[in-house]
Amino acid sequence: MNISLLKKLTLAAMFAAAISTAQAALKVGDSFPDLAGFKLEGKLPDSLKGKVVIVDFWASWCQPCKESFPAMNELQKKYADKGLVIIAVNEDEESSDMKDFLKDNAATFTVVRDAKQKLVGEAGIQTMPSSFVLDATGKVRFAHSGFHGAETRKEYEQQIESLLK
């Protein structure tokens, strides 16, 4: 086998692997994976059964993540008594990066860390922040890529209210 053909086959295999990984990303209608199976650092809520859940993926270096935290705090305050749970999944490799971020960006919702990025990989996260809004059965009903200020906050409110009905 010549080197040129070997290079082409290697590139084709890498491309096929990238496509299959991209196709594995969570999408609307999928069941969200069980968070307990990912050895996340931090305490998860005791039960998510029957709750509307936002799972928000973020990183300390992400400017839009800083902008999203106040909105998440407001959503938590407004809808927690009605059945909303927000879980922010940090993907920083170093816990100190996450802790430094949280000193300046307080969270009134659950924060866990996926240092090995296993959940990040299974969810197919490409953009920070990215989030999934889950219905009371754990199915992905809405997905968000990025945070676009008041526009995204309004979308969250509409989606949460539709699922709490």
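Determine the sum of side-chain charges near Gln159: Lys and Arg each +1, Asp and Glu each -1, restricted to other residues whose C-beta is under 15 angstrom from that of Gln159.
With Lys, Arg at +1 and Asp, Glu at -1, the neighbours total +1.
What whole-number distance in Å separates the alpha-carbon centres of region 123-165 and region 51-100?
Region 123-165 and region 51-100 have Cα centres spaced 12 Å from each other.
I'd like the per residue volume of the convex hull spanned by the Cα atoms of region 114-164, given in cubic angstrom.
83
Have a look at the DSSP beta bridges in region 26-164 and tell me what percent are antiparallel, nearest 5.
Values: 12 of 23 bridges.
Percentage antiparallel, nearest 5: 50.
What is the magnitude of the charge dipole of region 26-164 about its Cα centre, with +1 placed on the Cβ of each Lys and Arg, -1 on the Cβ of each Asp and Glu, and no other charges, expressed in debye to the nearest 20?
The dipole of region 26-164 has a size of about 380 debye.
In whole percent, what relative contact order does region 41-119 give with Cα contacts below 8 Å and a gap of six or more residues?
Over region 41-119, the number comes to 41 percent.
Around Ser96, what is the net charge, scoring Lys/Arg as +1 and Asp/Glu as -1 over all other residues with Cβ under 13 Å from its Cβ?
For residues surrounding Ser96, the net value is -3.
What pairs in Lys43/Lys78; Lys39/Lys82; Lys49/Lys77; Lys77/Lys154; Lys77/Lys118 have C-alpha atoms more than 24 Å from each other?
From the list (Lys43/Lys78; Lys39/Lys82; Lys49/Lys77; Lys77/Lys154; Lys77/Lys118), the Cα-Cα distance tops 24 Å for Lys39/Lys82; Lys77/Lys118.
Quick one: angle between helix 95-104 and the longest Cα principal axis of the chain, in degrees between 0 and 90, rounded to 10, please.
40
Which angle from 0 to 90°, rounded to the nearest 10, does the C-alpha axis of helix 150-164 make with the longest principal axis of the chain?
70
Across bins of 10 angstrom width beginning at 0, how are the C-alpha pair distances of region 26-164 distributed, in whole percent?
Per 10 Å bin, starting at zero, the Cα-Cα P(r) for region 26-164 comes out as 12, 48, 36, 4 percent.
Going by alpha carbons, how many degrees (0 to 90, nearest 10) lie between the helix axis of 63-79 and the longest principal axis of the chain?
It works out to around 40 degrees.
Excluding Val55 itself, calculate the net charge of residues whose Cβ lies under 13 Å from the Cβ of Val55, where each Lys or Arg counts +1 and each Asp or Glu counts -1.
Summing Lys and Arg as +1 and Asp and Glu as -1 gives -4.
Values quoted throughout were computed directly from the atomic coordinates according to the rules given, and no laboratory measurement underlies them. Everything quoted here is computed from the prediction, not taken from an experiment. Every residue, glycine among them, receives a Cβ derived from its backbone with ideal geometry; neighbour counts consider all protein chains shown.
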